[in-house]
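Below: one structure, written as structure tokens.
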Amino acid sequence: MSSVLNRFLSYVQIDTQSDPQSTSFPSTEKQRDLSNQLVIELQELGIEDAHLDEHGYVYATIPANSEKSNIPVICFCSHVDTSPDVTGANVEPIVHQKWNGEDIILPDDPTQILKLSEHPDLKNQIGNDVVTASGTTLLGADNKAGVAEIMAAAEILVTDKRIKHGKIKILFTPDEEVGRGTEKVDLDKLGADYGYTVDGEAVGTMEDETFSADGVKITIHGVSTHPGYAIGKLENALKIAGEILAALPKNLSPEATEDKEGFIHPVHVEGIQEQAVLNFIIRDFTEFGLHEKETLLKEIMERVLLSYPNSKAEFKVTEQYRNMKEILDQHPQIIDNAMEAMKRSGLNPITRSIRGGTDGSRLSFMGLPCPNIFAGEHAFHSRLEWVSVQDMEKAVEVILNLAQVWEERS
């Protein structure tokens, strides 16, 4: 069994699901279970400064073995948490060896079927070893594939002195899936010049552009009274919330948009007749488009409230992350070196936009330019999530080549 597969199978069985409703940091203590294990494994490799800080971040340094003194410090980063959308408890990974192209029926829920017709990237996996969960949980390849790949690469960088490289930093973050992955990261302590998140999809891809993202919280204050005597008085906050949701334009929803189109997406509703809260995520590739959608949502809220003269609502926007391309375009060598590393791995590299975000989005604006390279994860946030062993091994190779390219070009 390859090192990266062995690590991956171990990591996915540790429940690290994050919680968007939590106010603690990290949002769930169980994320530390994996982070603590990673620290132990890094220390066993001889990486003396590997540690878990009070906020749940893992920091580690692989010392340089090159005589050159001008090599930029490169960081490789992945997140330990898994999506709140599907349970990550009691994951049972299954390795479908030398997959023959037939539908994969997940045994614990036979209605979960991984089909080539519905997952086009599977066409490149015939003959490879495909890893899935058993059907009742997500797999956790997002982003434990990236974690396993960085760890496997770290082992090689420490033991194989033939690979010349500068100082390498490792960063494992909590809470990426709830948009808080970089909230308490200490970039001064990290001490890196450039970074790469290993959290992408198809082998050979690199993402240098993300959505810009905001969260919107609408708090509706209705008028409550006894329903038996409510005529002319009751203004039900739940019904107001329902009307706002019903008025959302269908062509600006995630299920109706693609490519560079943004959306307005409700993600959480709660309340009683006196007060209701709606939470949205707003996405677009430009800030102009982002603010345009927020203005539209506020106009919808205000229009609905016209029918409820004694009710009111609060509209709060919270910045989440911004399109990292604005920063990365100022540092073309980051992309060029990654492209070269992929070519050396026998790949035809492709840069593309991601309809989402990574820790690299915020890290880039915090001062650590950080594109996203592939980890091989697919169908993330679902029970059909999968990754292939060969793609994970190729990601390890790219990480090693990246370390060498930066050394050679310095």
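The values are calculated or read from the model by the stated rules, or taken from the named source; none is laboratory data. Note that this is a predicted model, so its numbers are computed, not measured. Heads up, the Cβs are rebuilt from the backbone with ideal geometry, glycines too, and the neighbour counts pull from every protein chain shown.
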Fill in the blank from the handout: Of the residues in the range 33-73, those that are acidic (Asp, Glu) and without any contact (Cβ under 8 Å) to a residue 60 or more places away in the chain come to Asp33, Glu44, Glu48, Asp49, Glu54, Glu67
Completion exercise
When the range 247-282 is checked residue by residue, the ones that are among the hydrophobic types (A, V, I, L, M, F, W, C) and closer than 12 Å to Leu297 by Cα are Ala247, Leu248, Leu252, Phe263, Ile264, Leu278, Phe280, Ile281, Ile282
Handout entry: Which listed residue is over 30 Å from Ile220 (Cα atoms) and surrounded by 15 or more Cβ atoms within 10 Å (Cβ to Cβ), from Ile264, Ile335, Ile350
Key = Ile335
Handout entry: Restricting the range 1-19 to residues that are surrounded by fewer than 17 Cβ atoms within 10 Å (Cβ to Cβ) and not small (Gly, Ala, Ser), the residue that is farthest from Leu171 (Cα to Cα)
Key = Met1
Handout entry: Leading residue by the ranking (nearest to the chain's Cα centre (by Cα)) among those in the range 30-58 that are over 19 Å from Asp186 (Cα atoms) and in a helix (DSSP H, G or I)
Key = Leu34
Practice task
Please state which one of Ala145, Ala192, Ala152 is out of contact with any Phe, Trp or Tyr (no Cβ under 8 Å at 6 or more places or on another chain), crowded, with 20+ Cβ neighbours inside 10 Å and outside any loop (DSSP other than H, G, I, E, B).
Solution key: Ala152
Problem - Of all residues making up the range 163-195, the number that are at negative phi and either of a type in the set (A, V, I, L, M) or modelled with pLDDT under 95 (or both) - result: 15
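Rundown of residues vs (1) without any contact (Cβ under 8 Å) to a residue 24 or more places away in the chain; (2) crowded, with 16+ Cβ neighbours inside 10 Å; (3) within 21 Å of the chain's Cα centre (by Cα); (4) under 30 Å from Thr225 (Cβ atoms), yes/no style:
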{"residue": "Arg283", "(1), (2), (3), (4)": "no, yes, yes, no"}
{"residue": "Phe288", "(1), (2), (3), (4)": "yes, no, no, no"}
{"residue": "Glu292", "(1), (2), (3), (4)": "yes, no, no, no"}
{"residue": "Leu297", "(1), (2), (3), (4)": "no, yes, no, yes"}
{"residue": "Arg303", "(1), (2), (3), (4)": "no, no, no, yes"}
{"residue": "Asn310", "(1), (2), (3), (4)": "no, no, no, yes"}
{"residue": "Lys316", "(1), (2), (3), (4)": "no, no, no, yes"}
Exercise for the section: Spot the failing condition for Thr61; the list is (1) closer than 20 Å to Gly376 by Cα; (2) of a type in the set (Val, Ile, Thr); (3) in a strand (DSSP E or B), and only one is missed. Expected result: (1)
Practice task
For residues that are surrounded by 17 or more Cβ atoms within 10 Å (Cβ to Cβ) and outside any loop (DSSP other than H, G, I, E, B), scanning just the range 122-142, find the one that is nearest to the chain's Cα centre (by Cα).
Solution key: Asp142
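Let me confirm something: among Asp175, Asp208, Asp188, which residue is closer than 24 Å to Gln320 by Cβ and without any contact (Cβ under 8 Å) to a residue 60 or more places away in the chain?
Step by step, each of Asp175, Asp208, Asp188 is checked, and only Asp188 is closer than 24 Å to Gln320 by Cβ and without any contact (Cβ under 8 Å) to a residue 60 or more places away in the chain.
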Handout entry: helices (runs of 4 or more DSSP H) wholly inside the range 312-370 that include at least 3 residues being modelled with pLDDT under 95 and in the same structural domain as Gly146 (by TED's automatic domain parsing)
Key = 359-366
